[in-house]
1. I need to check one value: relative contact order of the range 33-154, counting alpha carbon pairs closer than 8 Å and at least 6 residues apart, in percent.
2. Among T261, T41, T86, which one moves the most in a GNM of the chain with springs linking Cα atoms closer than 10 Å?
3. Could you work out what % of the accessible surface of the range 33-154 is carbon and sulfur, using a 1.4 angstrom probe and leaving DNA, RNA and ligands out of the count?
4. Provide the per residue accessible area, probe 1.4 Å, for the chain, rounded to a whole number of square angstrom.
5. Report the residue, chosen from P154, P22, P194, that carries the largest GNM mean-square fluctuation when the chain is represented by alpha-carbon nodes joined by springs under 10 Å.
6. Based solely on its DSSP helices, what 222 nm [θ] is calculated for the chain when runs of n ≥ 4 H residues each add -39,500 (n - 2.57) and the sum is averaged over all residues, nearest 500 deg cm²/dmol?
7. Given the Cα atoms of the chain, and with Rh set as the inverse mean 1/r over their pairs in the Kirkwood sense, what is Rg to Rh to two decimals?
8. How charged is the neighbourhood of N236? Take every other residue with its Cβ under 14 Å from the Cβ of N236, and add Lys/Arg as +1 and Asp/Glu as -1.
Amino acid sequence: MRLSQSVLFFSTLLPLALAKAPTKSGSEVLFGQSGTYPRTTRLADGTLLGIYAKYADGNSTLTTVRSTDNGASWTQNVGLVDTATTASRDLDNPFVHQLASGRVLATFRNHDRAGDGFSYYRITVCYSDNNGASWKYLSTPASLPGGINGIWEPFFQTALDGSLQLYYSRENSDDDQDSILQRSTDGGATWSSPQVITGMEVTARDGMLGVARISANSAEKLAIFESGVNGRFTINTQRSPDDGVTWTTRALLYSTYSSATSAGAPQIIRVGSNLVASFATNEDGGVWPSGAMKVMVSTDGGHKWGDKTTIHVDPAMWAGLLELDDSSFLALYGSGASTYAQKMVF
Ligand SMILES: *[C@@H]1O[C@H](CO)[C@@H](O)[C@H](O)[C@H]1NC(C)=O
């Protein structure tokens, strides 16, 4: 058949179909001093707004940083979202996201401590109308009384209909945690009730969610998360065909070769036609959850993954990702006392 032969001939030559490992562009740069859990987003004005959990002077402080040169350098201490003594409150897991209105939201875990445990759990949302310089309280989409079961690692994405989606992880018991989605149609002021999107059919600790669309403005998207059984973690995905209304196929993305090691703390972004998934792993060394930051690449919308690439050896923890353009991205990680940004190119 002449037609199918020619289709086959051209498809084998298409460069888009070839996976390719990303490589480092330049050296790592300081993202945020004295802290962990780095995240960043591109604002409408073209600058990058970053956030991390800073630990200094006995306080935990959710601190914003800014880059006006596409991540090559970062201005420290641009804004303060919230601060408290580390002994009294657990402020961590921050995430920043700009709405179409220009308002920037920050969400984070905001737990009251009681000794070694917690007396109250919250996911809090604050807002800034000056690109992250000053912040005010907006809402508490989720809270739980103290005890062993908490809520963790919030993540924002704007839906195709303009509503706001908040993803986070909620413990059911010591060995079981599910992935949750709540929606807001008023810019994060009020929230829908929780929808469980992963974990209802398994007893495992699903956590540390990230979500990416498989192509620009596609309703099909992929949530990535770690899943832990008996303290051993693997990287998994759950697919939604309809922008998060339903969540269908659960799949294993990456598992370390040895059952004595783990892969966890993932994130996911789309860079041009590639999906890039990051995770931490101690497969080359490190005492879990400390490990190296690695990425894998998918060219088929997240079905097959390959080109495993080490961004930074152990320790490189609680990593974040940001696409810079169709062929480059930033990898963010905590290493030692501070957080760093490494530019990667395809
Ligand atoms: C530490 O947090 C407290 C509130 O708990 C605040 O009053 C104080 O100013 C903070 N200190 C610093 C150095 O930010």
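1. 19
2. Looking only at T261, T41, T86, the biggest GNM fluctuation is shown by T86.
3. Of all accessible area on the range 33-154, carbon and sulfur atoms account for 49 percent.
4. Result: 42 Å² of accessible area for each residue.
5. Evaluated over the chain, the most mobile residue of the options is P194.
6. Details: 1 runs with 12 residues, N = 346.
Calculated from helices alone, the mean residue ellipticity at 222 nm is -1000 deg cm²/dmol.
7. So for the chain, dividing Rg by the Kirkwood Rh gives 0.96.
8. That sum, taken over residues with Cβ under 14 Å, equals 0.
The values are calculated or read from the model by the stated rules, or taken from the named source; none is laboratory data. Nothing here was measured: the structure is a model prediction, and the numbers come from that model. Here Cβ is always computed from backbone atoms with ideal geometry, including for glycine, and neighbour counts include all displayed protein chains. Only protein heavy atoms, including side chains, enter the accessible area calculation; ligands, DNA and RNA are left aside. Shrake-Rupley method; radii C 1.70, N 1.55, O 1.52, S 1.80 Å.
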